[in-house]
Each structure stands twice: as C-alpha cells, then as structure tokens.
Amino acid sequence: MIILDFPASVPIRHAPLWLSVATAGMRGLDGERQVLFTENRYWIGDVTLPPLTRVQAMACLALSDELRGRARVLRLHLPNPGANPDVGMGPVTFSDGARFDDGALFAGLSDADPVVVEDAAAGASFVRLDNWRGRSLMVGAWFSAGGFLYRVSRNDDGWLRFNPPLRAPLASGETVRVRAPYVLVRLTDDTQFRNRLQYGLYTEEITFQVEEVLKR
C-alpha cells in the first residue's frame with residue numbers, strides 16, 4: 001500500500017467526517033421494527049479547500065496524478081478545533097481574572113500531545129490520557145493513534161469515551177495525536193480531487209469526497 005501525504009502548504013478549509021453506518025432488520029409479527037447493528041463503521045466525508053494560489057494548485061494537481069484515482073492512499077491531517085480551545089484565545093487567566101502578559105501557560109500545563117496512561121485493548125471505547133491536552137480535549141474533538149481516527153464523545157478529566165471503538169490496541173506510554181490528528185483515506189471514486197487552474201493563476205474552492213482505509 002502506497003501512502004501519500006497531503007501537501008503541508010495547502011490549507012484545509014473544512015473536513016467534516018461522519019461514521020458510515022448500515023443497520024439491518026425487519027418488522028416482526030407484532031409490527032415492531034427490529035434494528036440490528038454491527039460495528040463495521042468507517043469514516044466518510046467531504047474535504048473542502050479554499051481558493052488556491054498557482055503554486056498550491058499545481059502541488060494538488062501533482063498529488064492527484066500520483067494518487068492514480070483510488071489506487072493509492074492519502075494521509076489527511078485534519079483541523080482539530082476541539083483540541084484545547086484556550087490555545088490561541090489570548091492569555092491564560094488566574095481565578096481573579098489576572099493575566100500573564102505574554103500568554104504563557106501555567107506551570108505544569110504541557111502543550112505536548114497526550115500519553116496513554118493504561119493499556120487499552122482493541123475494541124475498547126474508553127482510554128485514559130495524561131497531560132493538559134488529554135484532560136481538556138473537548139467532546140467532538142479528534143485524536144488519532146496508529147493512523148486510525150477517533151472522535152471524543154465524553155471526557156472526564158482525561159478518561160475518554162470515543163467512537164469508533166479502538167481498531168488496534170493502545171499501550172501505556174503511547175502518544176496519541178491531538179495537535180495534528182490524521183486519517184488514511186481513499187477517494188470515493190476515480191473522478192474526485194480534480195481542480196482547475198483558472199487563467200494559470202488560481203483555483204476556485206474545491207471539494208472532494210473520501211472514505212477511510214482500514215487495512216494496514
């Protein structure tokens with residue numbers, strides 16, 4: 001499997017991803033519909049790029065050629081607005097409202113990616129993370145581990161519930177990615193990710209569709 005990185009010079013405007021779900025079932029003799037669920041969810045979604053400069057657009061054109069439609073895999077780094085929302089929102093305040101003039105963090109608040117505190121088996125839906133980033137990760141925020149992507153549904157001071165369940169085990173001491181989570185994807189079809197360089201200078205907004213790759 002050949003994995004290509006999305007160009008770091010190209011910003012991603014939006015990357016909403018959803019878990020694809022396929023339930024089954026039929027109505028019983030009492031008229032009640034039975035619903036059966038199997039945990040086979042995977043991420044699908046749209047990736048939107050803003051209007052690009054000529055240099056950025058040409059980098060995307062070259063990447064599109066290398067992807068060869070769905071033949072190759074794209075490593076897609078995602079914006080993560082739910083990762084420590086206080087970062088970038090001004091100086092940290094004391095309980096009385098006083099501020100650090102330079103915006104520094106309080107002692108002990110590491111900006112590093114969080115670390116797994118306890119082993120978690122494949123199929124688990126909970127994991128305990130250490131450090132400030134892990135404890136303040138918002139509900140709805142991303143984290144990735146081993147190239148697999150997860151979305152937080154609950155955070156009790158670093159004790160996280162998330163979806164989907166772990167694709168692979170996590171070991172104590174392993175770092176998970178919060179600042180730059182990523183997912184491995186393929187284009188949903190061979191016609192995706194085609195951009196047009198206008199007058200040889202710029203592109204319009206571009207949206208292409210992707211789906212998660214689970215094989216490693």
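The values are calculated or read from the model by the stated rules, or taken from the named source; none is laboratory data. Keep in mind that this is a model prediction, so the values were computed, not measured. Ideal geometry is used to build each Cβ from the backbone, glycine not excepted, and the neighbour counts take in all protein chains shown. Protein only, heavy atoms only, side chains kept; ligands, DNA and RNA dropped before computing areas. Shrake-Rupley method; radii C 1.70, N 1.55, O 1.52, S 1.80 Å.
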Pairs with Cβ under 7 Å, 6+ apart, first in the stretch 184-197 and under 29 Å from TYR150 (Cβ atoms), second part of a loop (DSSP other than H, G, I, E, B) and open to solvent by less than 70 Å² (accessible area, probe 1.4 Å): LEU184/GLY147; LEU184/VAL213; VAL185/VAL213; ARG186/VAL213; LEU187/GLY69; LEU187/PHE193; ASP190/GLY69
Failed criterion for SER64 (all others in (1) in contact with a Phe, Trp or Tyr (Cβ under 8 Å, 6 or more places away or on another chain); (2) farther than 21 Å from THR188 by Cα; (3) assigned to a helix (DSSP H, G or I) hold): (2)
Residue satisfying all of: in the stretch 1-20; closer than 23 Å to ARG216 by Cα and of a type outside the set (A, V, I, L, M, F, W, C); surrounded by the fewest Cβ atoms within 10 Å (Cβ to Cβ) among these: ASP5
Among residues of the stretch 170-182, those that are at pLDDT 90 or above and under 17 Å from the mean Cα position of the chain (by Cα), counted: 6
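This table checks each residue for (1) in a loop (DSSP other than H, G, I, E, B); (2) open to solvent by less than 10 Å² (accessible area, probe 1.4 Å).
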site	(1), (2)
ALA180	yes, no
VAL183	no, yes
ARG186	no, no
ASP189	yes, no
ASN195	yes, no
GLY200	yes, no
GLU204	yes, no
GLN209	no, no
LEU214	yes, no
Any pair with Cβ under 8 angstrom, 6 or more apart, that starts in the stretch 117-134 at a residue that is open to solvent by less than 60 Å² (accessible area, probe 1.4 Å) and ends at one that is in a loop (DSSP other than H, G, I, E, B) and among the hydroxyl-bearing types (Ser, Thr, Tyr): ASN131/SER110; TRP132/SER110; ARG133/SER110
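What residue, among those in the stretch 157-183 that are in contact (Cβ under 8 Å) with a residue 40 or more places away in the chain and in contact with a helix residue (DSSP H, G or I) (Cβ under 7 Å, 6 or more places away or on another chain), is farthest from ALA59 (Cα to Cα)?
Of everything passing the filter in the stretch 157-183, GLY158 is farthest from ALA59 (Cα to Cα).
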Residues of the stretch 156-169 classified as more than 15 Å from the chain's Cα centre (by Cα) and buried (at least 20 other Cβ atoms within 10 Å of the Cβ), total: 1
Condition check for THR38: of a type in the set (Ser, Thr, Tyr), touching a strand residue (DSSP E or B) at 6+ places or on another chain (Cβ under 7 Å) and surrounded by fewer than 16 Cβ atoms within 10 Å (Cβ to Cβ): no
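For the stretch 141-155, name all the residues that are open to solvent by 40 Å² or more (accessible area, probe 1.4 Å) and at pLDDT 95 or above. First the steps, then the outcome.
Here is the first cut: in the stretch 141-155, the ones open to solvent by 40 Å² or more (accessible area, probe 1.4 Å) are 146, 151, 153-154.
The answer is ARG151, SER153, ARG154.
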Of all residues making up the stretch 183-204, the number that are under 17 Å from ILE12 (Cα atoms), at pLDDT 95 or above and out of contact with any Phe, Trp or Tyr (no Cβ under 7 Å at 6 or more places or on another chain): 3
